[in-house]
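Quick notes on the structure that follows.
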Amino acid sequence: MIIILIIAAIISAIMSFIEGTNKYLDSIIIIFIVVLNAVMGVIQEQKAEKSLEALKKMSSPTAKVKRDGKIQIIPSEKIVPGDYIIIETGSYIPADARLIKSYNLKVEESALTGETLPVLKDEKVIIKNEASVGDIVNMVWGATIAVSGHAEAIVTNTGMNSKVGKIATLITSEDAPETPLQKKLAEVGKKLGLATLGICFFIFIIGLFKRISVNEMFMTSIGLAVAAIPEGLPAIVTIILSIAITRMAKRNSIIRKLPAVETLGSSSVICSDKTGTLTQNKMTVVETKGLNNKLNINEKRFLLKLASMCTDCNILYENEKEIAQGEPTEMAIVNAALQIGENKDKTYKTENRINDIPFDSERKLMTTIHKINNNYRIITKGAPDILIKKCTKVYENGNIKELSNTSKLEILKKNEEMAEKALRVIAVSYLDLENLPSKVNKDLENNLIFVGLIGMMDPPREGVKEAVFTCKKAGIKTVMITGDHVITAKAIAKELGILKPENIAITGEELDKISQKQLEKDIMNYSVFARVSPEHKVRIVKAFQNKRKYCCNDR
């Protein structure tokens, strides 16, 4: 319709010029309507773009490299494959690189996987060829951030050849499909345009038979075409969609493209990330266990007190509130301790932390040493399967007992049960000494007293379960696509009602073995996609779009 209006305006202006009447009012009005429609759309989308700018800002001004035997700080865009880069806590990683040396390096890879929980890196691990991005722990990726530790690495890919560059290529090369409204408007415009041209031609021929001048009939036909076309329709559609965008923005929903507003109302499948969307993106202690299952209040207090003391978290005081700041799992422990009145800062005044053995990927343990009057307390936390081997006694109801091999197996079984619920499990132990050895090393982590297990998870957001149920009643299928592990994804999906017994959960590794044609055929059977990369996400969305039975045309 817009094209016909522009052509009509041009022809009208040409005819007025040829006839010498200089009556351009019709042309001006038509062009004004077309321009107004375009300007309104551009202004509204620019507002949305500005709202999104804050979300897009990711800068890496400099990088630390070793060249010619000297450490240099250079602009990140000057990095080339083969450069030897140095990564420190807080470093923005400028390119994909293979680790050479690393010490307790944890990297936040949400730019690639969507998961904000840091990944512990280890250059010694041998990775399978088909491993997903989240499982490749002997490499670091451009556009990710080192949250702790340090490392040295060799750059392998930069720019558009890096993982994040390939994502950018995928996004820019894919054209968004037309929305139902765009298809309907195009269909109406085509039919109306052809009908209008046909009628105008018919009127023009009749006029010629009536011996009316060609110029007069031509102008009459043009006027009829302009009158028949609803010039205000595009403008009205733009205005209505703009109003909808403004209303949604007030409800904290930023819409980038005008047609997306209408598309939301025609959705048949919603693909959602897990972390921060379906869940709170905040690790929380949800379960504690000792040798005899649930702990009583005194045992729980002692467990969380010890665990919070064995962390590197800081406690901030804002508006008379105590807030933990640090690594997510440690924050969860410290916050849980704060909730029952155990503040590590206050405890440190009487049980002063004098030394520590930092966590590393080989030991999978962390130890802190505290001075209590003239004695010393060793607190160790870490992987249950590792820590339990170093324990000889157990703390139970305020008493210390011998820890038998049978009891150790029971504790490991409890650990497995908690892990099956998608909980991240940490074991805690301690040891009191009268004298501290002259050398503080990992030999201190022996003959410990087992206290308990702490289970943490990122819990579902409030109202999400109800939202999923509402979508289901409306005939909309909700699908979880996440970079997290499949066990965690399935547990959350079941709790939210996304994963039903008849549905399937699939990993990115399994997805690679399925052809696109087969995926499109079976796509509606899947409700959870775990450990996927951005490339997988493109495949999944395409499969849903190509499933004709559930395509927008049928809604």
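The values are calculated or read from the model by the stated rules, or taken from the named source; none is laboratory data. These numbers were taken from a predicted model, which means no experiment stands behind them. All Cβ positions, even for glycine, are placed from backbone atoms using ideal geometry, and neighbour counts span all protein chains on display. Heads up: the accessible areas ignore ligands, DNA and RNA and are worked out on the full protein's heavy atoms, side chains in. Shrake-Rupley method; radii C 1.70, N 1.55, O 1.52, S 1.80 Å.
Structure summary
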| quantity | calculated |
| --- | --- |
| Value of [θ]222 nm, deg cm²/dmol, for the chain, DSSP H segments ≥ 4, -39500 (n - 2.57) each, nearest 500 | -13000 deg cm²/dmol |
| Selection of trypsin sites (Lys or Arg not before Pro), the stretch 403-441, meeting DSSP coil and at most 13 other Cβ within 10 Å | Lys439 |
| Rounded to the nearest 10 Å², the accessible area of Met40 at probe 1.4 Å | 50 Å² |
| Accessible surface of the chain, 1.4 Å probe, proportion on carbon and sulfur as whole % | 56 percent |
| Quotient of C-alpha Rg and 2.2 N^0.38 Å, computed over the stretch 68-163 | 1.00 |
| Interchain or long-range residues, amide H under 5 Å from Asn104's placed H | Ser361 |
| Among the listed pairs Lys300/Lys393; Lys289/Lys500; Lys300/Lys371, those beyond 25 Å (Cα-Cα) | Lys289/Lys500 |
| Val451 - accessible surface, heavy atoms, 1.4 Å probe, Å² rounded to 10 | 10 Å² |
| For the stretch 375-391, Karplus couplings with θ = phi - 60° (6.51, -1.76, 1.60), whole Hz, Gly/Pro x | 10, 10, 10, 9, 10, 10, 10, x, 5, x, 5, 7, 5, 4, 5, 9, 9 |
| Positive-end extreme of charge dipole, the chain - chosen from Ile481, Ala143, Thr347 (charges on Cβ) | Ile481 |
| The stretch 280-326-the stretch 63-116 distance, computed between alpha-carbon centres (Å) | 33 Å |
| Candidate lysines - alpha carbon under 24 Å from Lys128, same-chain residues fewer than 8 apart omitted | Lys101, Lys106, Lys163, Lys166, Lys364, Lys490, Lys513, Lys537 |
| In sequence order, calculated HN-Hα J values of the stretch 81-93 (Karplus, 6.51, -1.76, 1.60; Hz; x Gly/Pro) | x, x, 5, 9, 9, 10, 10, 10, 4, x, 5, 8, 7 |
| Long-range amide H partners of Ile87 with built H, under 5 Å | Ala151, Glu152, Ala153 |
| Largest to smallest accessible area among Arg251, Arg461, Arg67, Arg377 [probe 1.4 Å] | Arg251, Arg461, Arg67, Arg377 |
| Cross-link reach list, lysines versus Lys23, counting only Cα pairs under 28 Å and skipping chain neighbours closer than eight places | Lys210 |
| Accessible surface, per residue, of the chain when the full set of protein chains is kept, probe 1.4 Å, Å² | 55 Å² |
| Test item: Cα-centred dipole of the stretch 305-396, Lys/Arg +1 and Asp/Glu -1 on Cβ, debye | 480 debye |
| Sequence of Asp68, Asp356, Asp26 when ordered by accessible area, the most exposed leading, probe 1.4 angstrom | Asp68, Asp26, Asp356 |
| Surface accessible to a 1.4 Å probe, Lys472 within the full protein complex, Å² | 120 Å² |
| Cα-Cα over 32 Å, subset of Lys381/Lys421; Lys321/Lys477; Lys346/Lys390; Lys184/Lys521; Lys250/Lys321 | Lys321/Lys477 |
| Whole-number percent relative contact order across the chain, with pairs defined as alpha carbons under 8 Å at least 6 apart | 13 percent |
| Net charge dipole size for the chain [Lys, Arg +1 and Asp, Glu -1 on Cβ; Debye, nearest 20] | 740 debye |
| Rounded to whole Hz, the Karplus (6.51, -1.76, 1.60) HN-Hα couplings of the stretch 118-127, x for glycine and proline | x, 9, 6, 9, 8, 6, 8, 6, 9, 9 |
| Area projected by the alpha carbon convex hull of the stretch 440-547, averaged over all directions, nm² | 11.1 nm² |
| Stretch in the chain that is longest and holds no GluC sites (Glu not before Pro) that DSSP places in a loop and that have at most 10 other beta carbons within 10 Å | 1-319 |
| Within the stretch 104-217: Cβ-based charge dipole about Cα centre, in debye rounded to nearest 20 (Lys, Arg +1; Asp, Glu -1) | 820 debye |
| Furthest towards positive pole of dipole, Phe529, Thr470, Ile206, structure part the chain, Cβ charges | Ile206 |
| All Cα pairs of the chain, percent lying beyond 31 Å | 62 percent |
| Solvent exposure ordering (accessible area, 1.4 Å, most first) of Tyr526, Tyr92 | Tyr92, Tyr526 |
